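The values are calculated or read from the model by the stated rules, or taken from the named source; none is laboratory data. The model shown is predicted, which means the values in this text are computed figures rather than measured ones. Cβ coordinates were reconstructed from backbone atoms using ideal geometry, including for glycine residues, and neighbour counts include every protein chain displayed. Just so you know, the surface numbers come from the protein's heavy atoms only, side chains and all, with ligands and any DNA or RNA stripped out. Shrake-Rupley method; radii C 1.70, N 1.55, O 1.52, S 1.80 Å.
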Amino acid sequence: MSSFGYLFIKETKQFFGNPFMPVVLVLLPVLLMLLVPLAANMEVRDVSLSIVDRDRSSLSARLSDRISRSGYFVLKSVEDTYGKAMDELSRGNVDIILEIPAGTERAVSRGESVEIFIAANAVNSTKGMMGGGYLSSIVSDFSSEMAASGGNLTSVPLRITPQYRFNPHLEYKLFMVPALMIVVIILVGGFFPTMSIVTEKENGTIEQMNVSPVRKRDFILSKVIFYGILGIFAFTLSYLIAHFVYGLAPHGGLLEIYVSAMIFLVFMGGFGLIISNYSDTLLQSVFLMLFFVLIFMLMSGIFTPVSSMETWSQYVTYILPTRYFVNILRAVCLKGSTFADLAFDYIMLSVFAVVINIIAVVTYRKQN
């Protein structure tokens, strides 16, 4: 058997020899997935808007200006066709589409009612619902003002037809549950390998490894793979709870989900080992890991949409691998995206995983 095989067996015996750790491995995803969705909430602002103006009239221009000046929306584009706007919505560049049909001004001038179409990206159900509500209110107020100022207009010349894409029933849990699955991977994939090495340091058993002929890369690889397997187990348990308790049925393939989860676990394992390389006590490693874990969770769109953050912090998220994992998991689960659709996110996640594990191997110092 190779040295890697012996190291892998050592990690297995060491983990299951501690009766507390297997219990944590099971209880952590179960409690997170069952309790947090009942208590979590979100804040929404700066809704991105694309207007499909088929009318190109003074009325449509006034309506567009009224929406832009409301303070609730950021006008990203004015398109000629719904297809172009829908492409932007699918890519996440806009949150809501407002379509003004051709002949709106002529119909209103004849006293006829016109249907205004709204399509909201409801992957973030709260943002889609509130943004759609804001937009409906603005159009209704604009319609009432026209009715009051024009003698020949109907009482409600413009009617709203909203449509919430990717989450038609605005279920908030469909936004929150994938986020909690990511949190489970962060905690299991990051804390467990960190605590493993630091515990060996405190117990003195790491010295036996340091004086042995075991190569650094085999030692690091055994921990990354072992705790990666534990992470996949915790992720699968979270997925089963999401499916049977909350009814989450991914529109995309499980292969896309699990490939991204494995890549991210490799990153978290390497990152946790780097923390342990610079920690002498368990308490020190826990505080260091907690500091970075909070950044990963709060700055990557897990709970708060990146588009709702300050501009400077949105740029910071590009150097956080959790941003790309969040994009992948939500896009696959709610939109049915494929590897081709998310190629950039997969590439960036893989780059982070490779680089961080190279750093973990380099920074691990064997001392006699």
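Contact annotation: residue pairs with Cβ atoms under 6 Å, 6 or more positions apart or on different chains, pairing a residue in the stretch 289-311 that is closer than 15 Å to THR194 by Cβ and touching a residue at least 60 places away in the same chain (Cβ under 8 Å) with a partner that is hydrophobic (A, V, I, L, M, F, W, C) and crowded, with 21+ Cβ neighbours inside 10 Å, are MET289/PHE191; MET289/ILE275; VAL293/ILE186; PHE296/ILE186. The criterion of being of a type in the set (Gly, Ala, Ser), modelled with pLDDT under 85 and surrounded by fewer than 19 Cβ atoms within 10 Å (Cβ to Cβ) holds for SER68.
Scan the stretch 114-123 for residues that are in a loop (DSSP other than H, G, I, E, B) and farther than 22 Å from GLY301 by Cα and the total you get is 0. The C-beta contact set for the stretch 111-140 (first residue more than 27 Å from PRO37 (Cβ to Cβ), second residue crowded, with 22+ Cβ neighbours inside 10 Å and at pLDDT below 75, distance under 7 angstrom, 6+ apart or interchain) comprises SER113/PRO157; VAL114/PRO157; VAL114/LEU158; ILE116/LEU158; VAL139/LEU158. Exactly one residue out of VAL316, VAL332, VAL354, VAL362 is in a helix (DSSP H, G or I) and open to solvent by less than 40 Å² (accessible area, probe 1.4 Å), and it is VAL332. In the stretch 275-306, the qualifying residues are those that are more than 16 Å from the chain's Cα centre (by Cα) and within 29 Å of ALA331 (Cβ to Cβ), and the one that is surrounded by the most Cβ atoms within 10 Å (Cβ to Cβ) is MET289. Does LEU230 fit the bill of being part of a helix (DSSP H, G or I) and touching a Pro at 6+ places or on another chain (Cβ under 7 Å)? When the stated conditions are applied, LEU230 does not pass them.
If you check GLY92, GLY111, which single one turns out to be open to solvent by 20 Å² or more (accessible area, probe 1.4 Å), part of a loop (DSSP other than H, G, I, E, B) and modelled with pLDDT under 85?
GLY92
Among the numbered conditions (1) open to solvent by 10 Å² or more (accessible area, probe 1.4 Å); (2) at pLDDT 80 or above; (3) in a helix (DSSP H, G or I), the only one that VAL139 does not meet is (1). Residues of the stretch 335-351 that are assigned to a loop (DSSP other than H, G, I, E, B), open to solvent by less than 60 Å² (accessible area, probe 1.4 Å) and modelled with pLDDT of 90 or more: LEU342 alone.
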